[in-house]
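Chemist: Let me give you the structure first, and then I'll get to my questions.
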């Protein structure tokens with residue numbers, strides 16, 4: 001059994017219920033009738049399993065954004081999951097994803113459920129992973145970007161945090177400043193203060209409850225903050 005199977009066996013928590021549970025019920029079938037899932041009602045902590053399956057639901061929503069799902073997109077997503085979680089887990093994830101893609105995904109309802117049940121740091125990590133999947137083919141399509149923006153809003157992610165994570169994947173001349181959530185006109189002291197704030201907000205320890213694999217993924221986001229700060233320091237000659 002790969003990691004995805006173990007995460008599901010470990011419990012899906014709040015993701016068993018609401019619109020996400022309805023979507024996953026189709027993908028996981030009789031698993032939801034098992035006693036270990038039935039007794040989870042009222043469990044509010046985000047488990048690794050609930051996070052992983054919520055990620056798959058949102059990935060499906062992004063993939064369906066342009067009205068079609070191409071085999072090339074599935075291949076890119078599989079490659080992303082292999083790099084992130086290994087071959088066996090990627091195979092499990094893709095099998096579930098294909099079933100989820102056959103469902104109607106009420107993005108707003110799903111986003112609201114996530115907002116009500118998932119801590120903010122985990123929501124930021126979801127957003128980062130969605131951009132990673134969207135960019136798996138080398139670019140973030142406008143339809144994908146718009147869908148991710150909608151998901152971000154429904155999940156209750158602030159516009160500044162959305163722009164910060166977006167700038168890690170969609171580069172422009174001010175990306176480093178956007179990642180730190182400041183303007184280019186910020187003083188050197190404001191740059192240093194912004195870096196310290198973002199380093200705390202995006203620190204991998206913030207999502208340690210999601211398990212080692214997702215915490216490892218969070219290090220990429222943290223590294224982007226460091227790279228943005230180093231770029232600004234180099235441009236300005238800050239010691």
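What follows is calculated from the coordinates using simple rules that are stated; it is not laboratory data. Remember, predicted model here, so these are calculated numbers, not experimental data.
Chemist: For the range 109-129 and the range 177-205, what is the centre-to-centre distance using only Cα atoms, to the nearest Å?
Modeler: Answer, in whole Å: 22.
Chemist: Evaluate the Kirkwood expression for the hydrodynamic radius of the chain, namely the inverse of the mean inverse distance over all pairs of different C-alpha atoms, and round to one decimal in Å.
Modeler: Values: mean 1/r = 0.0543 Å⁻¹.
Computed over the chain, the radius equals 18.4 Å.
Chemist: While we're looking at this one, here's another question. For the range 158-239, build the convex hull from the C-alpha positions and give me its volume per residue in Å³. Mind showing how you got there, number by number?
Modeler: Details: hull volume 7.4 nm³, N = 82.
Looking at the range 158-239, the number lands at 90 Å³ per residue.
Chemist: Right, next: Between residue 186 and residue 115, what length in nm is gained on full extension when 0.36 nm per residue of separation is reduced by their alpha carbon distance? Kindly include the intermediate steps, with their values, before the conclusion.
Modeler: Numbers: separation 71, 0.36 × 71 = 25.56 nm, distance 3.16 nm.
So the extension gain works out to 22.4 nm.
Chemist: Oh, and also: To the nearest whole percent, what portion of all C-alpha pairs in the range 48-184 is separated by more than 19 angstrom?
Modeler: Values: 4543 of 9316 pairs.
Tail of P(r) above 19 Å: 49 percent of Cα pairs.
Chemist: Tell me what the chain gives for mean residue ellipticity at 222 nm when only DSSP H runs of n ≥ 4 count, each as -39,500 (n - 2.57), the sum divided by the residue total, rounded to 500 deg cm²/dmol.
Modeler: On the way: 13 runs with 158 residues, N = 239.
Helices in the chain give a 222 nm mean residue ellipticity of -20500 deg cm²/dmol.
Chemist: Over the range 158-239, what is the mean sequence separation of C-alpha contacts under 8 Å (at least six apart), divided by residue count, expressed as relative contact order in percent? Can you show the working numbers first?
Modeler: Details: 70 pairs, mean separation 24.7, N = 82.
About 30 percent, as a whole number.
Chemist: What is the Cα centroid distance between the range 75-101 and the range 138-165, reported in whole angstrom?
Modeler: 22
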